[in-house]
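The values are calculated or read from the model by the stated rules, or taken from the named source; none is laboratory data. This structure is a prediction, so every number in the text was calculated from the model and none was measured. Note that we place each Cβ from the backbone using ideal geometry, even for glycine, and neighbour counts take in every protein chain shown.
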Amino acid sequence: MHIQIMKSKIHRVKITQAELHYVGSITIDEDLMDAANLIENEKVQIVNVNNGERLETYVIKGERGSGQICLNGPAARKASVGDIVIIISYAGMEFEEAKKFKPVVIFPDDHNKLI
């Protein structure tokens, strides 16, 4: 049996920018991507703590060390600058492997920097 489990999570970061007239995706500071074991173009779920919105999109690299979290394209309508979001990625694996798997969870500070 093949199941989906949480692979990575960036817990509670602030939206720093929203660009409606962009192709799409979420731009994430490359330091946060590395720490959370995310790669460019990886599918992620965004959960907005402020308004309950949930959406799926893909990751693009933001400037390293910038703290940037930017929703692009139509996703920009799902959050406002300053909203707190949780970014989650999932992986598919065999059931027995999933029982042993340990996801990566990071908790950035109030400025989207690694603690």
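Structure notes:
- Any hit, region 25-48, residues being modelled with pLDDT under 95 and touching a strand residue (DSSP E or B) at 6+ places or on another chain (Cβ under 8 Å): yes
- Scope region 66-90; condition more than 13 Å from Asn112 (Cα to Cα) and either under 13 Å from the mean Cα position of the chain (by Cα) or surrounded by 16 or more Cβ atoms within 10 Å (Cβ to Cβ) (or both); matching residues: Leu71, Asn72, Gly73, Ala75, Ala76, Lys78, Ala79, Ile88, Ser89, Tyr90
- Met1 being surrounded by fewer than 19 Cβ atoms within 10 Å (Cβ to Cβ) and in contact with a strand residue (DSSP E or B) (Cβ under 9 Å, 6 or more places away or on another chain): yes
- Residue match in region 56-74 (condition: in contact (Cβ under 8 Å) with a residue 60 or more places away in the chain and in contact with a strand residue (DSSP E or B) (Cβ under 9 Å, 6 or more places away or on another chain)): no
- Selection within region 47-65 - surrounded by 18 or more Cβ atoms within 10 Å (Cβ to Cβ) and small (Gly, Ala, Ser): Gly62
- Residue match in region 10-29 (condition: free of Cβ contacts under 8 Å to residues at least 12 places away in the same chain, surrounded by fewer than 18 Cβ atoms within 10 Å (Cβ to Cβ), small (Gly, Ala, Ser) and farther than 17 Å from Asp110 by Cβ): no
- Pairs where the first residue, in region 89-115, is under 25 Å from Arg12 (Cβ atoms) and the second is loosely packed, with under 15 Cβ neighbours inside 10 Å and at pLDDT below 95, C-beta under 6 Å, 6+ apart: Asp109/Ile115
- Taking region 45-60 as the range and being farther than 14 Å from Val13 by Cα and within 11 Å of the chain's Cα centre (by Cα) as the test, the residues that pass are Leu55, Glu56, Thr57, Tyr58, Val59, Ile60.
- Every residue from region 32-46 that is in contact (Cβ under 8 Å) with a residue 12 or more places away in the chain, surrounded by fewer than 20 Cβ atoms within 10 Å (Cβ to Cβ) and closer than 16 Å to Pro108 by Cα: Ala35, Asn37
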